[in-house]
Amino acid sequence: MALLELKGVSKNFGKLQAVSNLDFEVTKGEIHSLIGPNGAGKTTVFNLITGNYPITSGKIIFNGEDITKLQPHQTAQKGIGRSFQGTFLFMQQSVLDNLMIGFHMTCRAGALKEFLHTPSAKKVDEECRQKALEIIEFMGLGALKKEMAGNLPHGHQRALGVSIALACTPTLLMLDEPVTGMNPTETVEMVDRIRRIRDRGITVILVEHTMRVVMDVSDRITVLSYGRKIAEGLPDEIKNNQEVIEAYLGKEEK
């Protein structure tokens, strides 16, 4: 069953067509990678799905509902969580505080109740704190929950970014280059956690340039080149697809 569908989606920036008539479908319960050379339009597709960019034409369906015109906070409320290429963290806040901030979309008791520190607001706050601690442990950051985010090594900062995306209790988690800059040990740990996230019932879309990771973790792969879909299939099918090889390596001169 399709959890996410892009139907004829295009995005123009002036005269530049960044995404062109894209049909893209993600099945519930899978890890689906979106790959392509630099400038292929992968992050633009993420921004269209989450509502960060308005689409030029086409339609986006999530969980059977048209979300084409929703804003980012609305797509998050629908169950779409996202991490980013860059590390967007509250560097002067602790790991735990970063997660608590991440819960603001789903764990608010109401502004007036929070202001008045009512019992119901305190109860919601404690529930959020327990959920935040569970995510922190799941992502291997339990021993660092009181550490300032700015003091974390790069690999742990990336893991914290994914943790914050999990804080909105997503049905669909979108990960934009989650292993960038990680050493081999950190990469293996992140790949294992991505699988475990999927095993918790969360569908994953992955944008990643490390092909070894893509081929290892993906159930299916979609390949973009210059904003167009050029291939889609199982990892072994993509690995041996001549058009994909040419998109990455270029055509041989005759």
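The values are calculated or read from the model by the stated rules, or taken from the named source; none is laboratory data. Fair warning: this is a prediction, and the values are worked out from it, not measured in the lab. Every residue, glycine among them, receives a Cβ derived from its backbone with ideal geometry; neighbour counts consider all protein chains shown.
For segment 99-157: of the residues being among the aromatic types (Phe, Trp, Tyr) and surrounded by 15 or more Cβ atoms within 10 Å (Cβ to Cβ), which is modelled with the lowest pLDDT?
The first filter runs over segment 99-157 and keeps only residues among the aromatic types (Phe, Trp, Tyr), leaving 103, 115, 138.
Going one step further and asking which of them are surrounded by 15 or more Cβ atoms within 10 Å (Cβ to Cβ), we end up with 103, 138.
Details: PHE103: 77, PHE138: 94.
That would be PHE103.
Working only within segment 210-248, note down all residues that are more than 18 Å from VAL191 (Cα to Cα) and among the polar types (S, T, N, Q).
Residues satisfying the conditions are THR222, SER225, ASN240, ASN241, GLN242.
Output the residues belonging to segment 233-253 that are closer than 20 Å to THR43 by Cβ and surrounded by 17 or more Cβ atoms within 10 Å (Cβ to Cβ).
Of everything in segment 233-253, those that are closer than 20 Å to THR43 by Cβ and surrounded by 17 or more Cβ atoms within 10 Å (Cβ to Cβ) turn out to be ILE238, VAL244, ALA247.
Quick check: anything in segment 70-88 part of a strand (DSSP E or B), modelled with pLDDT of 95 or more, touching a Lys or Arg at 6+ places or on another chain (Cβ under 9 Å) and of a type in the set (A, V, I, L, M)?
Checking segment 70-88: not a single residue is part of a strand (DSSP E or B), modelled with pLDDT of 95 or more, touching a Lys or Arg at 6+ places or on another chain (Cβ under 9 Å) and of a type in the set (A, V, I, L, M).
Could you check, for segment 222-244, whether at least one of its residues is within 29 Å of GLN77 (Cα to Cα), among the hydrophobic types (A, V, I, L, M, F, W, C) and under 21 Å from the mean Cα position of the chain (by Cα)?
Yes, segment 222-244 contains at least one residue that is within 29 Å of GLN77 (Cα to Cα), among the hydrophobic types (A, V, I, L, M, F, W, C) and under 21 Å from the mean Cα position of the chain (by Cα).
Taking the criterion of being surrounded by 15 or more Cβ atoms within 10 Å (Cβ to Cβ), free of Cβ contacts under 8 Å to residues at least 40 places away in the same chain and not in a strand (DSSP E or B), would at least one residue in segment 18-37 satisfy it?
Among the residues of segment 18-37, not one is surrounded by 15 or more Cβ atoms within 10 Å (Cβ to Cβ), free of Cβ contacts under 8 Å to residues at least 40 places away in the same chain and not in a strand (DSSP E or B), which makes the answer no.
If you scan segment 122-142, which residues turn out to be among the hydrophobic types (A, V, I, L, M, F, W, C) and not in a helix (DSSP H, G or I)?
Of everything in segment 122-142, those that are among the hydrophobic types (A, V, I, L, M, F, W, C) and not in a helix (DSSP H, G or I) turn out to be MET139, LEU141.
Cβ contacts < 8 Å: first residue on the phi > 0 side of the Ramachandran plot and crowded, with 17+ Cβ neighbours inside 10 Å, restricted to segment 71-89; second residue in a loop (DSSP other than H, G, I, E, B) and modelled with pLDDT under 90, any location; separation 6+ or different chain. Result?
Correct list of pairs: GLY79/CYS168; GLY79/THR169.
Take VAL45 and decide whether it is crowded, with 21+ Cβ neighbours inside 10 Å and assigned to a strand (DSSP E or B). Working first, answer last.
Working: crowded, with 21+ Cβ neighbours inside 10 Å: yes; assigned to a strand (DSSP E or B): no.
The answer is no for VAL45.
Kindly check whether there is at least one residue in segment 41-54 that is without any contact (Cβ under 8 Å) to a residue 40 or more places away in the chain and touching a Phe, Trp or Tyr at 6+ places or on another chain (Cβ under 6 Å).
We begin by selecting, within segment 41-54, every residue without any contact (Cβ under 8 Å) to a residue 40 or more places away in the chain; these are 47, 51-52, 54.
From what's left, touching a Phe, Trp or Tyr at 6+ places or on another chain (Cβ under 6 Å): 47.
The answer is yes; a qualifying residue exists.
Report whether or not VAL179 is within 24 Å of GLU237 (Cβ to Cβ), modelled with pLDDT under 95 and surrounded by 21 or more Cβ atoms within 10 Å (Cβ to Cβ).
The answer is yes for VAL179.
Is at least one residue of segment 204-225 out of contact with any His (no Cβ under 8 Å at 6 or more places or on another chain), of a type in the set (Lys, Arg), within 19 Å of ILE49 (Cβ to Cβ) and surrounded by 15 or more Cβ atoms within 10 Å (Cβ to Cβ)?
Narrowing segment 204-225 to residues out of contact with any His (no Cβ under 8 Å at 6 or more places or on another chain): 207-217, 223-225.
Filter again for of a type in the set (Lys, Arg), leaving 212.
Retained after the next criterion (residues that are within 19 Å of ILE49 (Cβ to Cβ)): none.
Taking every residue of segment 204-225 in turn, none turns out to be out of contact with any His (no Cβ under 8 Å at 6 or more places or on another chain), of a type in the set (Lys, Arg), within 19 Å of ILE49 (Cβ to Cβ) and surrounded by 15 or more Cβ atoms within 10 Å (Cβ to Cβ).
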